[in-house]
Amino acid sequence: MWTALMWGGISASAVVIGALAALFMKIPKRVIGWIMAFGTGTLIGAATFELLGDALNDGGILPTAIGFTAGAVVYTLFDLLISAKGGSDRKRSSKKGSSQQSGLGIFAGTVMDAIPESIMLGASLLAGNGVSVVLVVSIFVSNIPEGLSSTAGLKNSEYSKGKILLMWLGVLLISALAAMGGYLFLEQLPKEMGAAIGAFAGGGIIAMLCSTMMPEAFEEGGPIVGLIASMGLLVSLLLGI
């Protein structure tokens, strides 16, 4: 349980690292796009090889298909809601926020993005082989550009440095608790139900990547992000061997 809490906090700490870099350093937007592309590739690999692969092995095709579809639908519905509250550009550094509402939308959207990743990170410990290195690396790498871009959006919404850091520390705490919750909750479930929930998280992650990270990576990094994302996917595959 405490191990899940620790790894959830470690993977989410990258958001704080990205926020600190955005607050105190001048990082080219193109570099942010490249990092985001690599993180997108690793997360696609983690969702496919770890979440969907395990779900298929443990529960079969039907629970996996139902869980995956439900995860994508639920994430999309929440994304539409949060976008209407000002969080549609939460991963974008170039769009200027104009109100307190948009800042809160950025925060709510980031929490929504972090929860399915953290739950499955905690659940990966249930296999008894230690934490999934693929998930830890994938989540950590993808969280760095999220902290960078989202912090820029919060600065544009006129949030103070102290308030921004406090918000990201809140994301870190929520992510750590979600990882611990994933471990405790999924431990009690039958394999089929656990498989469906794993696929649900995978569907949410893929929907998140397609609606937020991939468009931002291309917008900032240019056509080369396709190659960089492919290398991220390859790294994810190699880490899982």
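In table form, for the structure just shown:
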read-out: Verdict on Gly203 being open to solvent by less than 50 Å² (accessible area, probe 1.4 Å), closer than 28 Å to Ala55 by Cβ and not β-branched (Val, Ile, Thr); value: yes
read-out: Test for Ser157: is it hydroxyl-bearing (Ser, Thr, Tyr) and under 20 Å from Ser230 (Cα atoms); value: no
read-out: Some residue of region 216-233 being open to solvent by 60 Å² or more (accessible area, probe 1.4 Å), modelled with pLDDT of 90 or more and within 16 Å of the chain's Cα centre (by Cα); value: yes
read-out: Count of region 5-20 residues which are open to solvent by less than 20 Å² (accessible area, probe 1.4 Å) and either over 15 Å from the mean Cα position of the chain (by Cα) or of a type in the set (Gly, Ala, Ser) (or both); value: 7
read-out: Verdict on Gly170 being at pLDDT 90 or above and under 15 Å from Val16 (Cα atoms); value: yes
read-out: Selected residue [modelled with pLDDT of 90 or more, of a type in the set (S, T, N, Q) and out of contact with any Leu (no Cβ under 8 Å at 6 or more places or on another chain)] from Thr69, Thr64; value: Thr69
read-out: Tabulated pairs, region 63-83, first without any contact (Cβ under 8 Å) to a residue 40 or more places away in the chain, second of a type outside the set (Val, Ile, Thr) and part of a helix (DSSP H, G or I), C-beta under 6 angstrom, 6+ apart or interchain; value: Phe78/Met112; Ile82/Gly105; Ile82/Ala108; Ile82/Gly109
read-out: Residue that is modelled with the highest pLDDT, among those in region 86-125 that are among the polar types (S, T, N, Q) and outside any helix (DSSP H, G or I); value: Ser88
read-out: Flag if Val131 is open to solvent by 10 Å² or more (accessible area, probe 1.4 Å) and at pLDDT 80 or above; value: no
read-out: Residue in region 21-57 that is nearest to the chain's Cα centre (by Cα), counting only those that are open to solvent by 50 Å² or more (accessible area, probe 1.4 Å) and polar (S, T, N, Q); value: Thr48
read-out: Condition broken by Ser149, with the remaining ones in (1) at pLDDT 80 or above; (2) crowded, with 24+ Cβ neighbours inside 10 Å; (3) not basic (Lys, Arg) satisfied; value: (1)
read-out: Every pair of residues 6+ apart whose Cβ atoms lie under 9 Å, when the first sits in region 1-21 and is farther than 18 Å from Asn156 by Cα and hydroxyl-bearing (Ser, Thr, Tyr) while the second is outside any helix (DSSP H, G or I) and open to solvent by less than 70 Å² (accessible area, probe 1.4 Å); value: Thr3/Gly130; Thr3/Val131
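The values are calculated or read from the model by the stated rules, or taken from the named source; none is laboratory data. What you see is a predicted model, and the numbers here were worked out from it, not measured in a lab. Note that we place each Cβ from the backbone using ideal geometry, even for glycine, and neighbour counts take in every protein chain shown. Just the protein is used for accessible areas: all its heavy atoms, side chains included, with ligands, DNA and RNA removed. Shrake-Rupley method; radii C 1.70, N 1.55, O 1.52, S 1.80 Å.
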